[in-house]
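The values are calculated or read from the model by the stated rules, or taken from the named source; none is laboratory data. These numbers come from a predicted model, not from an experiment. Cβ sites come from the backbone with ideal geometry, for glycine too, and all protein chains shown count toward neighbours.
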Amino acid sequence: MEQLKLRFIDLFEDEPTHLFFAPGRINLIGEHIDYSGGHVFPCAITHGTYGWVRKRNDRKIRMASENFKEQGVFTFDLDDLEYREKDGWTNYVKAMVLYIQNKYILDVGFDIVIYGNIPNGAGLSSSASLEMMVGYAINDLYGLNMDPIDLVKLGVKTENEYIGVNSGIMDQFAVMMGRENHAMLLDTDTLNHDYVPLDLKEYVIVIMNTNKRRGLNSSKYNERRQQCEKALEILQGIEYKENLCDYNLDMLVRYKNLFEDELVYRRARHAITENHRTLRAKSVLNSGDLRSFGLLMNASHNSLRDDYDVTGVELDTIVSLACAHTSALGARVTGAGFGGCALAIVVEEDVDSFIESVGQQYRNVIGYDADFYLAKAGQGASRIK
């Protein structure tokens, strides 16, 4: 952080006044149902995005990222924050400023230098981390007293309307509202949430990065959401409920003949069964039944592979290898899929042998290395004092 501060001084010839942080997130279970009114079970992690900031005395915003150092400094005006593809990562910052300005007057701009230690495109919510760090920073720096949930919703709006990815609310919610050493069960329809102590006893969470980079805009993410909306429309014709995850599996099976498209039926089956698995996961974790929790993780991955088609050979390979290891309770993809990361619950004292074994076998099958990280449940967005 001192190096980042020196970088700020070098670029902007002045000292920053505030340092902010927002974490990445992992989702333990409950994937691809946050846009279908389901329950999700994420936690913030200790990896994340940092930003040194200083307010200016004019309407300019200057920003730079140590992750894209070669791109230099981007300069924008508070009155010109339109989306431009060539502006890359800065579009996430511009969107948050733009949407905050729709409600509050920002009389001056700011300088910011950013650094993130979340692998980009790995499915650990690097974009939500950037959005929430910037939102939290503006709220704090300008004394706006915005409700954190409102910042979460602006992050979702950034993804949906500004960037063009029809994602749900889980990522921004977990990043903003995370609690150290806890996961959260979030009802994405009502936003009611409970914090659950993440006591894994002799086990730890290992993040397994396949290093198959994914891009949400070029993925099938939006297509999956449209298929879920079609399934909801069919079921609402029988009995009206607000969300796809409000239905049960018995009803879906009973009216399978109404689904002319087998894919639409399978997408609905994943959403409904995944919601049930997530509710069950909180119960078994609270009771300390980690073995059952691992089995639910395995079932979740299988559903995402077979019914939702969002895994791919890299994720399926690394999850299969992890599940076959004697020290692992379970494993699954985390995040939107189409590449990125998976999680495994592993005996802590066997982590080194697990990483060596799974890593070597993965390289033999795929042809390049995976990366491994230990994940700890961390705090949500904050100002570092």
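Remarks
- Some residue of the range 337-348 being surrounded by 19 or more Cβ atoms within 10 Å (Cβ to Cβ) and in a helix (DSSP H, G or I): no
- Condition check for Leu144: crowded, with 24+ Cβ neighbours inside 10 Å and either without any contact (Cβ under 8 Å) to a residue 24 or more places away in the chain or not in a helix (DSSP H, G or I) (or both): no
- Whichever residue in the range 66-81 is touching a Leu at 6+ places or on another chain (Cβ under 9 Å) and touching a residue at least 40 places away in the same chain (Cβ under 8 Å) and, among such residues, is farthest from Asp171 (Cα to Cα): Val73
- Per the conditions (1) in contact (Cβ under 8 Å) with a residue 60 or more places away in the chain; (2) among the aliphatic types (A, V, I, L, M); (3) crowded, with 23+ Cβ neighbours inside 10 Å, the sole criterion not satisfied by Leu321 is (1).
- Complete set of residues in the range 89-126 that are over 20 Å from Thr17 (Cβ atoms) and among the hydrophobic types (A, V, I, L, M, F, W, C): Trp89, Ala95, Leu98, Ile105, Ile118, Ala122, Leu124
- Strands (runs of 3 or more DSSP E) contained in the range 164-236 and holding at least 1 residues surrounded by 14 or more Cβ atoms within 10 Å (Cβ to Cβ) and without any contact (Cβ under 8 Å) to a residue 24 or more places away in the chain: 193-197
- Matching option when the condition is within 19 Å of Lys212 (Cα to Cα), surrounded by fewer than 16 Cβ atoms within 10 Å (Cβ to Cβ) and under 21 Å from the mean Cα position of the chain (by Cα), among Asp316, Asp309, Asp371: Asp371
- Of all residues assigned to the range 79-87, at least one qualifies as being surrounded by 16 or more Cβ atoms within 10 Å (Cβ to Cβ) and either over 20 Å from Pro42 (Cβ atoms) or among the polar types (S, T, N, Q) (or both).
- In summary, Leu329 fulfils each of the numbered conditions (1) touching a residue at least 24 places away in the same chain (Cβ under 8 Å); (2) in a helix (DSSP H, G or I) with the single exception of condition (2).
- Within the range 237-261, the residues that satisfy the criterion of being of a type in the set (D, E, K, R) and surrounded by fewer than 17 Cβ atoms within 10 Å (Cβ to Cβ) are Glu239, Lys241, Glu242, Asp250, Arg254, Lys256, Glu260, Asp261.
- The range 110-123, subset in a loop (DSSP other than H, G, I, E, B) and hydrophobic (A, V, I, L, M, F, W, C), residue nearest to Phe338 (Cα to Cα): Ala122
- When Asp369 is tested against (1) part of a loop (DSSP other than H, G, I, E, B); (2) closer than 14 Å to Ala324 by Cβ, exactly one condition is not met: (2).
- Of all the listed residues (Tyr240, Tyr265), the sole one being modelled with pLDDT of 95 or more and either at positive phi or in a loop (DSSP other than H, G, I, E, B) (or both) is Tyr240.
- The range 56-80, residues that are closer than 20 Å to Ser127 by Cα and acidic (Asp, Glu): Glu66, Glu70
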